[in-house]
Number of protein chains: 2
Amino acid sequence: MSKKLTKRAEDYSKWYNELVVKADLAENSAVRGCMVIKPYGYAIWEKMQAELDRMFKETGHQNAYFPLFVPKSLFEAEEKNAEGFAKECAVVTHYRLQNDPDNPGKLRVDPEAKLEEELVVRPTSEAIIWNTYKGWIQSYRDLPLLINQWANVVRWEMRTRLFLRTAEFLWQEGHTAHATEAEAITEAELMNNVYSNFAENFMAIPVIKGLKTESERFAGAVETYCIEALMQDGKALQAGTSHFLGQNFAKAFDVKFTSKEGKQDHVWATSWGVSTRLMGALIMTHSDDHGLVLPPNLAPNQVVIVPIYKTDEQFDEVSEVANTIMSDLRARNISVKYDNRTTFRPGAKFAQHELQGVPLRIAIGPKDLENGTVELARRDTLTKEVVALDALAEVVEGLMTTIQNDLYKKASDFRAEHTTKVDTFEEFKDVLEKTGGFILAHWDGTNETEDKIKEITKATIRCIPEDSVEESGVCVFSGKPSNRRVLFAKAY
Amino acid sequence: MSKKLTKRAEDYSKWYNELVVKADLAENSAVRGCMVIKPYGYAIWEKMQAELDRMFKETGHQNAYFPLFVPKSLFEAEEKNAEGFAKECAVVTHYRLQNDPDNPGKLRVDPEAKLEEELVVRPTSEAIIWNTYKGWIQSYRDLPLLINQWANVVRWEMRTRLFLRTAEFLWQEGHTAHATEAEAITEAELMNNVYSNFAENFMAIPVIKGLKTESERFAGAVETYCIEALMQDGKALQAGTSHFLGQNFAKAFDVKFTSKEGKQDHVWATSWGVSTRLMGALIMTHSDDHGLVLPPNLAPNQVVIVPIYKTDEQFDEVSEVANTIMSDLRARNISVKYDNRTTFRPGAKFAQHELQGVPLRIAIGPKDLENGTVELARRDTLTKEVVALDALAEVVEGLMTTIQNDLYKKASDFRAEHTTKVDTFEEFKDVLEKTGGFILAHWDGTNETEDKIKEITKATIRCIPEDSVEESGVCVFSGKPSNRRVLFAKAY
């Protein structure tokens, strides 16, 4: 397999697809729209999971696990949610296969083993969880209920792309119940903040926090908070959402509590999730024409050491130095791998680690042994320097922070360059066509205008940014009055 | 809800079911045979996962993720595996619901959205994984391939019990590929050893390692290694299995590699797994009539502190001491929770922590403040002692090891008392009826005898123990010659 990637400028979409496969992150499977997450890709996802899980627990949440299947009668209960997901759900109708009498050696569905009630493979778990919460919540003492689930979900998408849109994906979904509306809103906002902190500080991806418009809201939500990131091709990617669900699910599943004062009321709910889609955001924010670029926080190996040698004796000497470096780096909590495979040459190793985005590469050869130095190469800048052995651990430790910060800054600068305020629809279309990116424009607040803009330009309102300032203006499309700009973009 | 448990001696099965629910471990869901794992139960499972995951990685395995669905044509490919699972698999036949014209507000399967090929919800992943490995393995350089997956699987069991047998369960499944038969066998044995180490040293559950007989083997395996534990009611529980799959799956999916010498051959395979069933083993090995008993290694909270106070001032004073204790214990890596809820009295808190198996309880009251002491209660022995504050952290740290070891010893003693060598079928039936437990008996090695014994007594061969010594004798049933004893029991 050629390791050479298509260039981004040539065909961004092709570059992405090739990179995901060649960097060993994921591949398509024999099941339509479902992916296999390969060990290297999964190791990055595990790093995301560990950090998110820590953040959820720190904010008082506990993990639990709910069934994969949702009986149709529960799936239907919250009408908008059902309507939103009915068109893309996998349905289990039978519970047994049998030998196919017409095709020896083949199996077929056993017509006798039809389920009385069909089971929907969860596209999201509000229905099954709220049906469970009904038994868990009686009194204000049972609230708040702060639960998260790590799970797989299935949405039968017609056009799929690795990580970005797959029929099955991995995610976490938080589901909380509260005694008051205000507390639930605070929770939904808190979790959107957790997501933005995670994206910015851990993944080095700058995001814009805001509220979705009505037409972009989660099916069944009163408000949807989100974080929106900008990819290198000028398209936006929704990286996480947090929903204030009001009393919709509590009413659909009749979940009431008795307050301190003895009054009965339906509880207030939130749900929030991020998924393996974040892998797509990660790739499309930082990577380049040479392959993946990983922020140190997410790199399965932060440093790789490649030995350069001709003789066995040289190999032994280099390995001795490599071992010392590894102990020093591990003592500083830096993950490091010694690539001492004998089946590959240094050049092939360099190419692989570059493609897989290892943040730092240390090469040690006979010259280095003489001089007490190593060659240190940064993946993000593709720069090299010679570093004295006795300064190495400290330099590497410093670079972990530097690279993390530089990647964030680079992405922030890119976003700043690709965020445009426009005041006319001509400008709007012009910017979209020429540079893409985020567009801040006035909008009259109607679904109708939003739909028409989408129809004409394919751009959607990504969110009403949290930090947008009041400013009077007129809608770029309708000319009607508006008091704040909203964020438009074409989106993944 | 009454917190009072049925006694084990009265009705063991009822005791188990009540305990699982009342200790907040799991409950039945609205989906037939599927459980909800509640936060407290899930926290224990997370501890198991973390330790197993560490052990897998230490032995060179990486995690990955494969699709939930197996297309029918792949499911069929390995004949014995297909035959073994066909009778209990959930089948997805449609990918969309639509409004039901006959029932306003209801949905039905959209007859137009029938899948061309049915998808089986994975009961195990050999088929989908080996179909993937075909693309990953070309040369000896690609071997060994050592991969594990944490996932949910579905087996449509007719009679289900929380944790022990559920339609959906959580597990890990390792799937490895090797260049030689010997290496694959070594791997299967290694992983069975990992499981036995985990069960004994981490869960404090003594297990017997051995080989399954042909009739108890995994569908598609050449050999199945297993670990078998003994529950308090004298029934055995299979706690983990590791399969040597020979070249069966490699042949079914045509996975070949080129050796160093340039020869092509099918690769050799293993698979191995443990599941949330381990929660059942944990409960039934250690718990008592008062509720759950947890080994310190698996306790979400190893220590709980309960304040005893009448006035706010006393509460503040007790809390100050509690805070100091918590810092001291956490510095020793002991997890501790301060149960300062004001909505419950100390007696109710004691009862809850006893039911939930917290290994150590510290109570601090005004008297203790005066004397510089606390009351320390062990959950496993239900004993209490007064401990000086300045010795507390060390005493607690010591008890963590003591309790872990004592639980293992208690379970080992129980097993020793309930393991009987028998030489006649009368004795065999007698032991089964009176005390149950493990029975070591001679067997003639035929399926026929095994089946008949099962038919008459409900006991099965749990395994041919790894450490069984050669010893000539005659089969307890047929009287035919035998050269080693095998392990019989009634089993979960």
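Table for the structure above
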| quantity | calculated |
| --- | --- |
| HN-Hα J in Hz across the stretch A:272-277 - Karplus 6.51, -1.76, 1.60, θ = phi - 60°, x for Gly and Pro | 7, x, 10, 9, 4, 4 |
| Gyration tensor (alpha-carbon) shape descriptor, the protein assembly as shown, a/c threshold 1.5 | rounded |
| Teacher prompt: A:LYS421 distances to equivalent labels in other copies, 7 Å Cα→Cβ, nm | 9.1 |
| Pair B:SER327, B:GLU183: separation of 7 Å Cα→Cβ label points (nm) | 5.4 |
| Of B:LYS14/B:LYS490; B:LYS47/B:LYS409; A:LYS14/A:LYS490; A:LYS310/B:LYS57; B:LYS7/B:LYS434; A:LYS114/B:LYS452, pairs whose Cα-Cα distance is over 24 Å | A:LYS310/B:LYS57; A:LYS114/B:LYS452 |
| Förster radius 35 Å - calculated FRET efficiency between A:ASN17 and B:ASN340 (Cβ-Cβ, nearest 0.05) | 0.05 |
| Within the protein assembly as shown, percent of DSSP bridges classed antiparallel, to nearest 5 | 85 |
| Heavy-atom accessible area ranking, 1.4 Å probe, most first, across B:ARG217, B:ARG462 | B:ARG217, B:ARG462 |
| Under the Karplus curve 6.51 cos²θ - 1.76 cosθ + 1.60, θ = phi - 60°, whole-Hz ³J(HN,Hα) for the stretch B:71-77, x wherever Gly or Pro sits | x, 3, 5, 7, 4, 6, 4 |
| Centre separation in Å (Cα based) which lies between the stretch B:387-461 and the stretch B:473-492 | 17 |
| C-alpha center-to-center spacing [the stretch A:332-368, the stretch A:38-75] in angstrom | 33 |
| Delta accessible area of at least 50 Å² on complex formation, residues of the stretch A:154-172, 1.4 Å probe, chain isolated as reference | A:TRP156, A:GLU168 |
| Amide H contacts of A:VAL274 (H built 1.01 Å from N, under 5 Å, at least 5 apart or other chain) | A:GLN172 |
| Karplus (6.51, -1.76, 1.60) ³J(HN,Hα), θ = phi - 60°, over the stretch B:164-170, in Hz, Gly and Pro reported as x | 6, 7, 10, 4, 10, 9, 9 |
| Antiparallel DSSP beta bridges within chain B, as percent of all bridges there, nearest 5 | 85 |
| Sulfur and carbon atoms: percent of accessible area, the protein assembly as shown [1.4 Å] | 47 |
| Nm distances between copies for A:LYS57, ranked from closest, using label points 7 Å along Cα→Cβ | 1.4 |
| B/A buried area, accessible surface, summed, 1.4 Å probe, Å² | 5200 |
| Cα-based shape type of the stretch B:336-386, given that a ≥ b ≥ c are square roots of the gyration tensor eigenvalues and the cut on a/c is 1.5 | oblate |
| Stretchable slack from B:SER319 to B:THR59, in nm (0.36 nm times residue separation minus alpha-carbon distance) | 89.2 nm |
| Residues with amide H under 5 Å from that of B:ASN63, placed H, sequence gap 5 or more | B:ASN148 |
| Within chain B, helix-based [θ] at 222 nm, where runs of 4 or more DSSP H residues each add -39,500 (n - 2.57), nearest 500 | -11000 deg cm²/dmol |
| Chain A - accessible surface per residue (Å², probe 1.4 Å) | 42 |
| Using a 7 Å Cα-to-Cβ projection, A:SER335 label spacings across copies, nm, ascending | 2.2 |
| Inter-label distance for A:LYS458 and A:ASP265, nm, one decimal - labels placed 7 Å from Cα along Cα-to-Cβ | 4.7 |
| Radius 9 Å from Cβ of B:PRO366, net charge of other residues (Lys, Arg +1; Asp, Glu -1) | -1 |
| Most to least packed among B:464-471, A:369-376, B:373-380, B:209-216 [average Cβ atoms within 10 Å] | B:373-380, B:209-216, A:369-376, B:464-471 |
| Averaged over B:97-110, number of beta-carbon atoms from partner chains that fall within 10 Å | 4 |
| Rg to Rh quotient for chain B, alpha carbon positions, Kirkwood Rh | 1.03 |
| DSSP beta bridge pairing in the stretch B:419-489, given as percent antiparallel to the nearest 5 | 75 |
| Projected label distance in nm at A:SER412 and A:ASP444, using a 7 Å step from Cα toward the beta-carbon | 3.8 |
| For B:118-128, mean number of other protein chain Cβ atoms within 10 Å | 3 |
| Residues A:LYS310 and B:VAL469, FRET efficiency given R0 of 56 Å [Cβ-Cβ distance, rounded to 0.05] | 0.55 |
| Cα gyration tensor shape of the stretch B:12-286, rounded if a/c is under 1.5, else prolate or oblate by comparing a/b with b/c | oblate |
| Pairwise FRET efficiency - A:ASN99 versus B:LYS480, Cβ, R0 = 45 Å, nearest 0.05 | 0.80 |
| Sequence-distant residues sharing a close amide H with A:SER139 (under 5 Å, placed H) | A:THR258 |
| Shielding of A:25-36 by partner chains, average beta-carbon count, 10 Å | 6 |
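The values are calculated or read from the model by the stated rules, or taken from the named source; none is laboratory data. This is a predicted model, so every value here is computed, not measured. All Cβ positions, glycine included, derive from the backbone under ideal geometry; neighbour counts span all protein chains shown. Surface accessibility is based on the protein's heavy atoms, side chains included, excluding ligands, DNA and RNA. Shrake-Rupley method; radii C 1.70, N 1.55, O 1.52, S 1.80 Å.
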